[in-house]
Amino acid sequence: MEIGLFQDASSASLYAADIVGALISFKPNAVLGLASGGTPIKLYQELVKRHKVEGLDFSSVTVFILDEYLGLGKENLNSFYSYYNENLFSHTNLNRSRIHVLDGKIEDVKEHCKAYEEEIRKAGGIDLQILGIGSNGHIGFNEPTSSLVSRTRIKTLTRQTCLDNVASFGSLTEVPQHAITMGIGTIMECRACMLLAFGGSKSSIVAKAVEGPISAMIPASILQMHPCVQVLLDQGAATDLEMKEYYEHQVQNFKENMLLRMRA
Ligand code: PGA
């Protein structure tokens, strides 16, 4: 695991866009895993900008989304499908047939999850997975106590996750109680991961995830076992880290290291 301490969220997001851009340049048919939430929005804005200004070409790129609320259809403005459409899909030349999403309205969830795993496999696996981290340490909607080898499936959301998302829904009763999420085992099979965390509200969970013991209580901590993960932090999110100076130093070789590993 490589942890990089950036000046601020903008420079970390520009760095993440550089990595995605580099991947698409050397592998135009790259497979990207996408995360929702507030954290990666700047990254998506930058990718859209690079598409519009520099012609970054998404036409052969395949994408898979990490998770979706159960019960919300594509048309629902709070669905993650709407989020991706608004922040990325509709502003790039991504080919709709290469966009793979989880359907919150699906009747046979079990079959849908199985088929999603199969689609990832058929696409050749995910080259780069973007991740955020929940205030309880979740990645995707793999809540604390999730099996560390889980596959795409339905998960019950914790009260903390529902509270964290209440702003978009207006009231706690409106927040879906369940979600469909790629499993931790699914995420661990991605060839590379970039986890982004910004702001002081993430500092305590980031410290537990990257410097604490691996535990199903902190699902993101399993990334310590992944051979190619970079954690991009701003100053706020790094407040509680013991080895801060090292991460500040390490960030200088970050791009070179990531590109080398992704090309390997
Ligand atoms: P956030 O969500 O980016 O909105 O903080 C992260 C997550 O819950 O995974």
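The values are calculated or read from the model by the stated rules, or taken from the named source; none is laboratory data. Bear in mind the structure is a predicted one, so any value in this text is a computation, not a measurement. Here the Cβ is made from the backbone with ideal geometry for all residues, glycine too, and neighbour counts use every protein chain on show.
Once segment 140-168 is narrowed to residues that are out of contact with any Pro (no Cβ under 8 Å at 6 or more places or on another chain) and touching a residue at least 60 places away in the same chain (Cβ under 8 Å), the residue that is surrounded by the most Cβ atoms within 10 Å (Cβ to Cβ) is 140. Could you identify the single residue in 15, 44 that is touching a strand residue (DSSP E or B) at 6+ places or on another chain (Cβ under 9 Å), at pLDDT 95 or above and surrounded by fewer than 23 Cβ atoms within 10 Å (Cβ to Cβ)? Only one candidate qualifies: 15. Residues of segment 224-247 that are within 17 Å of residue 14 (Cβ to Cβ) and not in a loop (DSSP other than H, G, I, E, B): 230, 231, 232, 233. For residue 220, the requirement of being surrounded by 24 or more Cβ atoms within 10 Å (Cβ to Cβ) and either away from the ligand (no atom under 13 Å from the Cβ) or part of a strand (DSSP E or B) (or both) is not met.
Residue under question is residue 162, and the condition is that it be under 25 Å from residue 81 (Cα atoms), in a strand (DSSP E or B) and of a type outside the set (Val, Ile, Thr); does it hold? Taking the combined requirement at face value, the residue does not satisfy it. If the condition is being under 30 Å from residue 163 (Cβ atoms) and either surrounded by fewer than 22 Cβ atoms within 10 Å (Cβ to Cβ) or more than 16 Å from the ligand (Cβ to nearest atom) (or both), then segment 18-41 contributes 32, 37, 38, 41. Can you spot a residue in segment 55-76 that is part of a helix (DSSP H, G or I) and under 26 Å from residue 251 (Cβ atoms)? No; the residues of segment 55-76 include none that is part of a helix (DSSP H, G or I) and under 26 Å from residue 251 (Cβ atoms).
Looking only at residues in segment 113-139 that are part of a loop (DSSP other than H, G, I, E, B) and near the ligand (Cβ under 10 Å from one of its atoms), the one that is nearest to the chain's Cα centre (by Cα) is 132. Residue 194 fulfils the conditions (1) within 15 Å of the ligand (Cβ to nearest atom); (2) assigned to a loop (DSSP other than H, G, I, E, B); (3) aliphatic (A, V, I, L, M) except for a single criterion, (2).
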